[in-house]
Amino acid sequence: MQMAQHRVQLAATPISPFIPKAPRAYHTSVIVDAVEYFFCRRGVVSARNFQSHQHLPNGPDNILDIGYSNISGPEMVKVMRPYFREGTYDLLRKNCNSFSDCALFYLCGKRADSKYSELEQIGSSADQSMGLVRMLSLGEYGPNPRALTFNIDNVLDELGRGMQENKENVVQDFNAAQRAKEKNIGLVQDMGEYVCSPKAHNFKLDNIVDAQGHAQGRRPTLLGAETAHGPPPISHRGPANHAFSMGQRVKVFSYMHKGWVGATVKYVQPDGTITVLYDSGEHQKDVPGKEIANVVRRHEG
(Lines give C-alpha, C1' and ligand atoms only; values in the text may rest on other atoms or scores of the structure.)
Protein backbone atom coordinates (compact mmCIF):
# COMPACT_ATOMS: atom_id res chain seq x y z
CA MET A 1 0.00 0.00 0.00
CA GLN A 2 1.31 3.42 -0.97
CA MET A 3 2.30 5.57 2.00
CA ALA A 4 0.76 9.02 2.44
CA GLN A 5 3.84 11.14 1.88
CA HIS A 6 2.69 14.52 0.54
CA ARG A 7 2.13 17.21 3.16
CA VAL A 8 -1.11 19.16 2.69
CA GLN A 9 -1.84 22.59 4.17
CA LEU A 10 -4.48 25.30 3.80
CA ALA A 11 -3.55 29.00 3.75
CA ALA A 12 -6.26 31.56 4.53
CA THR A 13 -6.31 35.35 4.65
CA PRO A 14 -9.29 37.66 5.31
CA ILE A 15 -10.00 40.05 2.43
CA SER A 16 -12.78 42.04 4.09
CA PRO A 17 -12.90 44.01 7.34
CA PHE A 18 -14.48 42.51 10.42
CA ILE A 19 -18.10 43.64 10.72
CA PRO A 20 -20.23 42.21 13.55
CA LYS A 21 -22.96 39.81 12.33
CA ALA A 22 -21.74 40.10 8.74
CA PRO A 23 -20.06 37.34 6.74
CA ARG A 24 -16.34 37.75 6.27
CA ALA A 25 -14.69 37.08 2.93
CA TYR A 26 -11.49 35.01 2.71
CA HIS A 27 -8.90 34.09 0.14
CA THR A 28 -7.69 30.51 0.50
CA SER A 29 -5.19 28.28 -1.28
CA VAL A 30 -3.95 24.71 -0.89
CA ILE A 31 -0.28 23.89 -0.34
CA VAL A 32 1.13 20.48 -1.25
CA ASP A 33 4.81 19.88 -0.47
CA ALA A 34 5.46 23.66 -0.15
CA VAL A 35 3.90 24.43 -3.55
CA GLU A 36 0.80 26.64 -3.48
CA TYR A 37 -2.24 25.92 -5.67
CA PHE A 38 -5.12 28.35 -6.07
CA PHE A 39 -7.98 29.19 -8.44
CA CYS A 40 -8.35 32.55 -10.18
CA ARG A 41 -9.44 33.96 -13.55
CA ARG A 42 -6.51 32.14 -15.17
CA GLY A 43 -7.72 28.80 -13.83
CA VAL A 44 -5.71 26.64 -11.42
CA VAL A 45 -2.33 28.26 -10.80
CA SER A 46 0.72 27.06 -8.85
CA ALA A 47 3.25 29.29 -7.08
CA ARG A 48 5.82 29.41 -4.31
CA ASN A 49 6.03 31.36 -1.05
CA PHE A 50 2.27 31.93 -0.77
CA GLN A 51 2.36 34.27 -3.74
CA SER A 52 -1.43 34.66 -3.97
CA HIS A 53 -1.53 36.02 -0.39
CA GLN A 54 1.39 38.43 -0.64
CA HIS A 55 -0.71 41.41 -1.81
CA LEU A 56 -3.11 41.02 1.14
CA PRO A 57 -2.45 42.63 4.55
CA ASN A 58 -0.50 40.20 6.74
CA GLY A 59 -1.07 37.43 4.22
CA PRO A 60 -1.14 34.57 4.71
CA ASP A 61 -2.97 35.17 7.98
CA ASN A 62 -3.33 31.51 8.90
CA ILE A 63 -1.64 28.30 7.70
CA LEU A 64 -3.37 25.08 8.76
CA ASP A 65 -1.85 21.61 8.65
CA ILE A 66 -4.48 19.34 7.09
CA GLY A 67 -2.54 16.09 6.95
CA TYR A 68 -0.73 13.89 4.46
CA SER A 69 -1.89 12.44 1.15
CA ASN A 70 -0.63 9.79 -1.27
CA ILE A 71 -1.69 12.15 -4.08
CA SER A 72 0.86 14.70 -5.30
CA GLY A 73 0.13 18.31 -6.20
CA PRO A 74 0.40 17.80 -9.98
CA GLU A 75 -1.84 14.73 -9.76
CA MET A 76 -4.45 16.75 -7.88
CA VAL A 77 -4.31 19.58 -10.43
CA LYS A 78 -4.84 17.14 -13.29
CA VAL A 79 -8.10 16.00 -11.70
CA MET A 80 -9.27 19.48 -10.62
CA ARG A 81 -8.53 21.38 -13.82
CA PRO A 82 -11.61 20.13 -15.77
CA TYR A 83 -13.83 21.55 -13.01
CA PHE A 84 -11.91 24.83 -12.61
CA ARG A 85 -11.02 25.99 -16.11
CA GLU A 86 -9.66 29.36 -17.14
CA GLY A 87 -12.40 31.94 -17.58
CA THR A 88 -14.92 30.24 -15.26
CA TYR A 89 -14.03 32.15 -12.07
CA ASP A 90 -16.86 33.97 -10.29
CA LEU A 91 -16.24 36.00 -7.15
CA LEU A 92 -19.42 34.71 -5.52
CA ARG A 93 -20.38 31.40 -7.15
CA LYS A 94 -17.07 29.74 -8.07
CA ASN A 95 -13.96 31.15 -6.44
CA CYS A 96 -10.74 30.22 -4.68
CA ASN A 97 -12.63 28.79 -1.71
CA SER A 98 -14.62 26.45 -3.97
CA PHE A 99 -11.36 25.09 -5.34
CA SER A 100 -9.72 24.75 -1.91
CA ASP A 101 -12.72 22.84 -0.56
CA CYS A 102 -12.71 20.38 -3.48
CA ALA A 103 -8.92 19.99 -3.49
CA LEU A 104 -8.77 19.18 0.23
CA PHE A 105 -11.56 16.65 -0.18
CA TYR A 106 -9.73 14.93 -3.04
CA LEU A 107 -6.35 14.97 -1.30
CA CYS A 108 -7.31 14.08 2.27
CA GLY A 109 -11.05 13.38 2.32
CA LYS A 110 -11.57 16.52 4.43
CA ARG A 111 -13.64 19.67 3.84
CA ALA A 112 -12.49 23.24 4.41
CA ASP A 113 -14.02 25.05 7.39
CA SER A 114 -17.37 26.52 6.35
CA LYS A 115 -16.39 29.94 7.68
CA TYR A 116 -14.14 30.44 4.66
CA SER A 117 -17.15 30.29 2.34
CA GLU A 118 -19.76 32.07 4.45
CA LEU A 119 -20.20 34.73 1.83
CA GLU A 120 -20.92 32.20 -0.91
CA GLN A 121 -23.31 30.24 1.31
CA ILE A 122 -25.57 33.24 1.86
CA GLY A 123 -26.12 33.43 -1.88
CA SER A 124 -26.16 36.14 -4.49
CA SER A 125 -29.77 37.11 -3.76
CA ALA A 126 -29.00 38.40 -0.27
CA ASP A 127 -28.57 42.17 -0.17
CA GLN A 128 -26.02 41.86 2.62
CA SER A 129 -23.70 39.60 0.68
CA MET A 130 -24.14 41.47 -2.59
CA GLY A 131 -23.25 44.72 -0.87
CA LEU A 132 -20.06 43.16 0.44
CA VAL A 133 -19.25 41.66 -2.95
CA ARG A 134 -19.71 45.04 -4.63
CA MET A 135 -17.38 46.56 -2.05
CA LEU A 136 -14.71 43.91 -2.59
CA SER A 137 -14.92 44.30 -6.37
CA LEU A 138 -15.13 48.10 -6.26
CA GLY A 139 -18.61 47.93 -7.73
CA GLU A 140 -17.55 45.92 -10.76
CA TYR A 141 -18.96 42.51 -9.84
CA GLY A 142 -21.16 40.81 -12.40
CA PRO A 143 -22.15 37.13 -12.54
CA ASN A 144 -20.00 35.01 -14.84
CA PRO A 145 -22.32 33.04 -17.17
CA ARG A 146 -19.73 30.27 -17.37
CA ALA A 147 -20.06 29.70 -13.61
CA LEU A 148 -23.85 29.63 -13.37
CA THR A 149 -24.08 25.83 -13.64
CA PHE A 150 -21.30 25.16 -11.13
CA ASN A 151 -22.51 23.05 -8.20
CA ILE A 152 -19.90 22.16 -5.61
CA ASP A 153 -21.96 19.26 -4.25
CA ASN A 154 -22.05 17.61 -7.68
CA VAL A 155 -18.29 18.07 -8.00
CA LEU A 156 -17.65 16.54 -4.59
CA ASP A 157 -19.86 13.56 -5.42
CA GLU A 158 -18.04 13.02 -8.72
CA LEU A 159 -14.69 13.24 -6.96
CA GLY A 160 -15.95 10.77 -4.36
CA ARG A 161 -17.00 8.30 -7.06
CA GLY A 162 -13.60 8.64 -8.69
CA MET A 163 -11.89 7.95 -5.37
CA GLN A 164 -14.09 4.87 -4.87
CA GLU A 165 -13.26 3.58 -8.35
CA ASN A 166 -9.54 4.06 -7.71
CA LYS A 167 -9.85 1.95 -4.57
CA GLU A 168 -11.69 -0.71 -6.55
CA ASN A 169 -8.93 -0.72 -9.17
CA VAL A 170 -6.44 -1.41 -6.40
CA VAL A 171 -8.62 -4.30 -5.20
CA GLN A 172 -8.91 -5.64 -8.75
CA ASP A 173 -5.14 -5.39 -9.26
CA PHE A 174 -4.67 -7.25 -5.98
CA ASN A 175 -7.11 -9.96 -7.05
CA ALA A 176 -5.39 -10.30 -10.44
CA ALA A 177 -2.05 -10.70 -8.69
CA GLN A 178 -3.54 -13.28 -6.37
CA ARG A 179 -4.96 -15.28 -9.27
CA ALA A 180 -1.57 -15.19 -10.97
CA LYS A 181 0.01 -16.35 -7.73
CA GLU A 182 -2.41 -19.24 -7.43
CA LYS A 183 -1.66 -20.25 -11.00
CA ASN A 184 2.10 -19.90 -10.80
CA ILE A 185 2.81 -20.27 -7.09
CA GLY A 186 6.29 -21.31 -6.29
CA LEU A 187 7.75 -20.27 -9.63
CA VAL A 188 11.16 -18.66 -9.43
CA GLN A 189 13.44 -17.60 -12.21
CA ASP A 190 16.70 -19.52 -12.39
CA MET A 191 19.13 -19.11 -15.29
CA GLY A 192 16.35 -17.91 -17.58
CA GLU A 193 14.11 -20.92 -16.81
CA TYR A 194 11.21 -21.18 -14.35
CA VAL A 195 11.37 -23.99 -11.80
CA CYS A 196 9.12 -24.82 -8.88
CA SER A 197 10.50 -23.82 -5.47
CA PRO A 198 9.62 -26.21 -2.61
CA LYS A 199 9.88 -23.27 -0.19
CA ALA A 200 6.78 -21.72 -1.77
CA HIS A 201 4.49 -24.73 -1.33
CA ASN A 202 3.10 -23.57 2.02
CA PHE A 203 2.78 -19.91 1.06
CA LYS A 204 -0.76 -18.54 1.43
CA LEU A 205 -1.33 -14.86 0.70
CA ASP A 206 -4.74 -15.00 2.36
CA ASN A 207 -3.13 -15.84 5.70
CA ILE A 208 -0.88 -12.79 5.46
CA VAL A 209 -3.76 -10.51 4.54
CA ASP A 210 -5.90 -11.89 7.39
CA ALA A 211 -3.04 -11.49 9.87
CA GLN A 212 -2.51 -7.88 8.83
CA GLY A 213 -6.22 -7.16 9.09
CA HIS A 214 -6.46 -8.62 12.61
CA ALA A 215 -3.33 -6.79 13.69
CA GLN A 216 -4.81 -3.46 12.59
CA GLY A 217 -8.25 -4.18 14.01
CA ARG A 218 -9.93 -4.48 10.60
CA ARG A 219 -12.60 -6.94 9.60
CA PRO A 220 -12.48 -8.51 6.15
CA THR A 221 -14.88 -7.08 3.55
CA LEU A 222 -16.44 -9.20 0.83
CA LEU A 223 -16.39 -7.80 -2.68
CA GLY A 224 -19.89 -6.79 -3.76
CA ALA A 225 -21.07 -6.30 -0.17
CA GLU A 226 -22.31 -2.88 0.90
CA THR A 227 -20.20 -1.29 3.63
CA ALA A 228 -20.63 1.66 5.94
CA HIS A 229 -18.34 3.69 3.71
CA GLY A 230 -19.93 3.08 0.36
CA PRO A 231 -22.04 1.04 -2.02
CA PRO A 232 -20.89 -2.20 -3.68
CA PRO A 233 -17.92 -1.80 -6.02
CA ILE A 234 -18.99 -0.19 -9.27
CA SER A 235 -17.33 -2.93 -11.29
CA HIS A 236 -19.83 -5.42 -9.83
CA ARG A 237 -23.04 -3.48 -10.43
CA GLY A 238 -25.67 -4.66 -12.85
CA PRO A 239 -27.61 -2.66 -15.45
CA ALA A 240 -29.60 0.34 -14.26
CA ASN A 241 -32.98 -1.35 -14.71
CA HIS A 242 -34.74 0.23 -11.72
CA ALA A 243 -37.42 2.64 -12.90
CA PHE A 244 -37.96 5.79 -10.89
CA SER A 245 -40.60 8.45 -11.33
CA MET A 246 -40.88 12.13 -10.48
CA GLY A 247 -41.82 12.74 -6.86
CA GLN A 248 -40.69 9.29 -5.73
CA ARG A 249 -38.94 9.05 -2.36
CA VAL A 250 -35.47 7.45 -2.62
CA LYS A 251 -32.17 7.10 -0.81
CA VAL A 252 -28.99 8.28 -2.51
CA PHE A 253 -25.43 7.43 -1.61
CA SER A 254 -23.52 10.69 -1.08
CA TYR A 255 -19.74 10.63 -0.97
CA MET A 256 -19.84 14.11 0.55
CA HIS A 257 -21.95 12.84 3.49
CA LYS A 258 -20.19 9.44 3.48
CA GLY A 259 -23.45 7.55 3.58
CA TRP A 260 -27.03 7.19 2.34
CA VAL A 261 -29.29 10.24 2.52
CA GLY A 262 -32.99 10.68 1.87
CA ALA A 263 -34.04 12.43 -1.31
CA THR A 264 -36.88 12.94 -3.80
CA VAL A 265 -36.75 12.39 -7.56
CA LYS A 266 -37.17 15.85 -9.10
CA TYR A 267 -36.66 15.15 -12.81
CA VAL A 268 -36.34 12.09 -15.05
CA GLN A 269 -34.52 12.75 -18.31
CA PRO A 270 -34.95 10.80 -21.59
CA ASP A 271 -31.41 9.40 -21.39
CA GLY A 272 -32.19 7.79 -18.01
CA THR A 273 -30.49 10.43 -15.87
CA ILE A 274 -32.46 11.40 -12.77
CA THR A 275 -32.15 14.58 -10.71
CA VAL A 276 -32.71 14.11 -6.98
CA LEU A 277 -33.25 16.76 -4.31
CA TYR A 278 -31.82 15.98 -0.88
CA ASP A 279 -34.26 16.09 2.05
CA SER A 280 -32.35 19.04 3.47
CA GLY A 281 -33.62 21.03 0.48
CA GLU A 282 -30.19 22.60 0.04
CA HIS A 283 -28.57 20.24 -2.47
CA GLN A 284 -29.48 18.32 -5.58
CA LYS A 285 -27.49 16.06 -7.87
CA ASP A 286 -27.76 14.40 -11.26
CA VAL A 287 -27.32 10.62 -11.36
CA PRO A 288 -26.55 9.16 -14.83
CA GLY A 289 -28.62 6.13 -15.79
CA LYS A 290 -25.62 3.81 -15.77
CA GLU A 291 -24.92 4.65 -12.10
CA ILE A 292 -28.47 4.53 -10.72
CA ALA A 293 -28.34 0.85 -9.74
CA ASN A 294 -25.27 1.52 -7.63
CA VAL A 295 -26.08 4.76 -5.83
CA VAL A 296 -29.89 5.06 -5.75
CA ARG A 297 -32.37 2.79 -4.03
CA ARG A 298 -36.03 2.95 -3.08
CA HIS A 299 -36.87 4.55 0.23
CA GLU A 300 -38.23 1.94 2.58
CA GLY A 301 -40.74 3.10 5.18
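The values are calculated or read from the model by the stated rules, or taken from the named source; none is laboratory data. All values reported here derive from a predicted model rather than from experimental measurement. Positions of Cβ are backbone-derived with ideal geometry, glycine not excepted, and every protein chain shown enters the neighbour counts.
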Complete set of residues in region 260-301 that are surrounded by 15 or more Cβ atoms within 10 Å (Cβ to Cβ) and polar (S, T, N, Q): Thr264, Thr273, Thr275, Gln284, Asn294
Members of region 26-44 that are within 19 Å of Arg93 (Cβ to Cβ) and either of a type in the set (S, T, N, Q) or buried (at least 18 other Cβ atoms within 10 Å of the Cβ) (or both): Tyr26, His27, Thr28, Ser29, Phe38, Phe39, Val44
Lone qualifier among Gln248, Gln269, Gln284 - being over 16 Å from Glu158 (Cα atoms) and at pLDDT below 85: Gln269
Which numbered condition Gly59 misses (of (1) of a type in the set (Gly, Ala, Ser); (2) surrounded by fewer than 16 Cβ atoms within 10 Å (Cβ to Cβ); (3) part of a loop (DSSP other than H, G, I, E, B)): (2)
Test: residue in region 95-113 that is among the hydroxyl-bearing types (Ser, Thr, Tyr), part of a strand (DSSP E or B) and either in contact (Cβ under 8 Å) with a residue 12 or more places away in the chain or surrounded by fewer than 22 Cβ atoms within 10 Å (Cβ to Cβ) (or both): no
So Asn58, is it farther than 23 Å from Phe84 by Cα and in contact with a strand residue (DSSP E or B) (Cβ under 9 Å, 6 or more places away or on another chain): yes
Hits in region 246-259 (condition: surrounded by fewer than 18 Cβ atoms within 10 Å (Cβ to Cβ) and within 23 Å of the chain's Cα centre (by Cα)): His257, Lys258, Gly259
So Ile122, is it β-branched (Val, Ile, Thr), within 25 Å of Lys258 (Cα to Cα), at pLDDT 85 or above and assigned by TED's automatic domain parsing to the domain that holds Ser16: no
Pairs where the first residue, in region 256-285, is under 15 Å from Phe244 (Cβ atoms) and the second is among the acidic types (Asp, Glu) and part of a strand (DSSP E or B), C-beta under 8 Å, 6+ apart: Thr273/Asp286; Ile274/Asp286; Thr275/Asp286
